[in-house]
Every structure is written in C-alpha cells, then in structure tokens.
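Coordinate-derived values only; no laboratory data. All values derive from a computational prediction rather than experimental measurement. Note: ideal-geometry Cβ built from the backbone for every residue, glycine included; neighbour counts use all protein chains shown.
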Amino acid sequence: MKVFASGRPTVAEVDLKSLEFNYRRLQERIPKGVKLLAVVKADAYGHGAIQVSLKLEKLGVEYLGVAIPEEGVELRRGGVKAPILILGGIFGRDADRIFRFHLTPVVFRKDSLQVLSKEAERRRRKVRVHLKVDTGMGRLGVPFILWPDFLKEVKRSCKIEVEGILSHFSMMDEEGGNFTQHQWKIFQEAVAMVKEMGVSFQYLHMASSATLTRFPSCSGNLVRPGIMLYGAYPSPAFRDLIQLKPIMTLKTRVHFLKHVSPGTKISYGGTFVTKRESLIATLPIGYADGYSRHLSNRGEVLIRGKRAPVVGSVCMDFTMVDVTDIPHVTMGDEVVLMGRQGKEQITAEEIAEKVNSISYEVLCLIGKRVPRIYKGQ
Ligand SMILES: *Cc1c(COP(=O)(O)O)cnc(C)c1O
C-alpha cells in the first residue's frame, strides 16, 4: 500500500540517535571480545528493518539476524552488506535464495543440510551455516539426544561449513536463573561434542537481550539482542538493570473535537457514556494501525503534556479520548500514543500491560499504514 508523505498525521517517528544510544549501552554490557548480532526480524520489531540495519551497519555491527529468508532478501535489496543470519531456518525453496543473496541459515534439520549441500554442489561452492541445538526452549533446534547423530550428518557433507553453534534461552524472567544455568550447561556439552568431532566454528551464541543483561557470562562470543536495541524491555523488571531510550514515538493529531452533554454514548456499542459536560477528541488512528482494540476504555494518550483516557471502543481507523480536563485543546494538537511528550511518557511496556501482552507484540503490530519517519541518521 502506498503511504503518502504528507496527509494523515499518524506516524511512527524512529530516532536513530537513540538506537545508537541503546547499541552503545549494550556494547558496554557485553564481555570483552564478544561480538554483537542485532536482531532485526519482523521489520526490526516494527521500526523498519532497512533503515535500522543501515544505521547499525554504520555503527559497526558484526551480524544481523532475521527470522525468514524473505526478510534477508529485503535487507540485501535495501543495500545492507553485513552478514545476515536466518534465525528460523529455511523452507522449501529457500536454498537458492541463500546463495543468491549471501544469507547464512540456521540449520536443525537433516533435510535442510541435504538441500543446502545439493545446491552448493550445483554451484560449486560451500555453504556457511549455524547449527542449532535445543537446550530447553522446545521450539527449534536439534534435540540434545539426536545431536551426535546430526553432527555426523554435518560431517558427511564436504560442502557444509559450520560458522556457528547456537541455542536459545527460554526462562529469562526466572528468579535466580536456575533453568538458564541448566540450559547453558547443556549447551557447553553440545559444544564439546562438536569439538570432539573435529568440526571447527567461529561463533558460539545463545543470549538475547534478557540473558545478556542478567547473565552476561552465558554469552559465548556472540550475543543476539533485539528488543533492547529498540529501547524496550523483555519485561518491566529489566528497566532497573539497564537504562535505554525507546526509539519509536507513535503520534498523531486531534482530527475532530466536540462538546457533548452528560449521558452521551461514545463509539460502537456505547460502552462509554459521559457523566458530565465533556470535550471529546477523535484521533485518526485505530486498530488497523496496530492501536489495539483492547485499549478501549483503558488506554491513555498524551496531549499538551497531560494524560487523556481513551473512551469507548477503539475503531478500525479512529479512537476517541476525553480531553475535558486538559485546558486549551484544539484540533490539530499533537497527540502521543506511545513515547514522550513534555514530562510524561507512555512506554511499550505500559501499553503491553494494558492489553495483556508484551512490549514485543505492541511494537510489531504497529501497522503498515503508519509511515515510519526517521531522524538522527
Ligand atoms: C528474537 C530472537 C532474539 C532476540 O530476542 P530479544 O529478546 O528481542 O533480545 C534472539 N535470538 C533468537 C533466536 C530470536 O528468535
């Protein structure tokens, strides 16, 4: 869908200077000699993968990570040169793309090894891969008991070049981190088997934002932060551990304003009825833009540096807020739905809590109808 540069004032402003700030805070955290793979999957968690990646590349990031090959292709077409890891593995016809666009797949299936080997043979090239072992996440990765067998298959193909070994933590919020330590121990055993079999590799990696912050010693020599680069937190508990700047401001302007008498129903279903003479503002943003319908009668926005409550149901394209208590609101006033305005701030975590989700989902769901505007290049 074509998004026009001017017109509807609903935009997601992305501050690349703040991205740099977060990148540097994370760099300070990671142990010496450990490199950083920036996770930019899902359009860089809704921030725009190309712009974010080009900025990170300028800052010297070692590696970029995406979920699926298509996202890697998009980055290459956008001019990104850094190595790109495909975290989620490959699907049916991806082998060709892996070579054409110089992508590095994570592999955990024998048939992927075979498909990639075959394509490598056809092209008279080698294929660089990262091997994934499951240490307790239960999602992707070779189950630990099948790991030796899988490694044999890897050794069988002279076209496969192992660049890295990885796994993924699953219990970052756990008090004390027992399961994290357990997973780390299994990972060490898996790595020892790789070494025993004489398979060489460059990278060992397991930690995402949460683990690299809480357990930096479980880092291997490459860490894979995503959410924290964007200035959000895996959960509110991490706010006290590292100070970051949210890089996205979701904003719009008051589109319509009206005085209504007590007893007036607002929006579909009349779930909100005014109790007093009220001033109601209509904002040109709705659930089609990723402003969740769960924020109906729950969300808050910032106008003139103050909080205004969402009243009635969030519609597909519009949301109403009660601005009765905020002096001098006029049509065209700036409204911040997520981000800072004056001394007030609404974070992705605050919204996440209200919609019973996590910061990740709040950011990813910002719709494609909302233009991303970049500053601080
Ligand atoms: C998404 C993802 C990450 C990044 O996680 P954050 O919590 O956003 O830091 C790291 N590794 C893998 C395999 C992922 O899928």
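Could you tell me what fraction of 2.2 N^0.38 Å the Cα radius of gyration of segment 102-224 comes to, as a two-decimal ratio?
Here the answer is 1.08, to two decimals.
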Per the rule of 0.36 nm per residue minus the C-alpha distance, extending R139 to D173 adds in nm 10.4 nm
With Rg from the Cα atoms and Rh as the Kirkwood inverse mean 1/r over Cα pairs, the chain has an Rg/Rh of 1.05
Of L59, L113, L26, the most mobile residue in a GNM of the chain (C-alpha springs, cutoff 10 Å) is L59
Given pairs K55/K126; K17/K368; K275/K354; K343/K368 and cut-off 27 Å on Cα-Cα distance, the over-length ones are K55/K126; K343/K368
Flagged as over-length at 31 Å C-alpha distance, from K32/K132; K41/K306; K41/K118, the pairs are K41/K306
The rounded separation in angstrom of the Cα centers of segment 95-128 and segment 1-68 is 27 Å
Taking the alpha-carbon centre of each part, the distance from segment 328-377 to segment 240-254 in Å is 7 Å
Looking only at aspartates and glutamates whose Cα falls under 17 Å of K35's and that sit 8 or more positions away or on another chain, we get E20, E57, E62, E163
Rounded to two decimals, the Rg over Rh value of segment 9-118 from Cα coordinates and the Kirkwood Rh reads 1.02
Sorting V194, L250, G220 by the position of each Cα along the dipole of segment 168-260 (Lys, Arg +1; Asp, Glu -1; all at Cβ), the one nearest the positive end of that ordering is L250
Going fewest to most other Cβ atoms within 10 Å around each Cβ, S292, S157 line up as S157, S292
At q = 0.12, 0.20, 0.21 Å⁻¹, the log10 of I(q)/I(0) for segment 248-346 from a Debye sum over equal Cα scatterers comes to -0.32, -0.94, -1.04
By Cβ neighbour count within 10 Å, fewest first, C218, C364, C158 rank C158, C364, C218
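For D43, D94, D333, which order do you get if you count the other beta carbons within 10 Å of each Cβ and list the fewest first?
Ordered from fewest to most neighbouring Cβ atoms within 10 Å, D43, D94, D333 come out as D333, D43, D94.
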At the level of C-alpha centres, the distance separating segment 191-213 and segment 271-286, in angstrom, is 54 Å
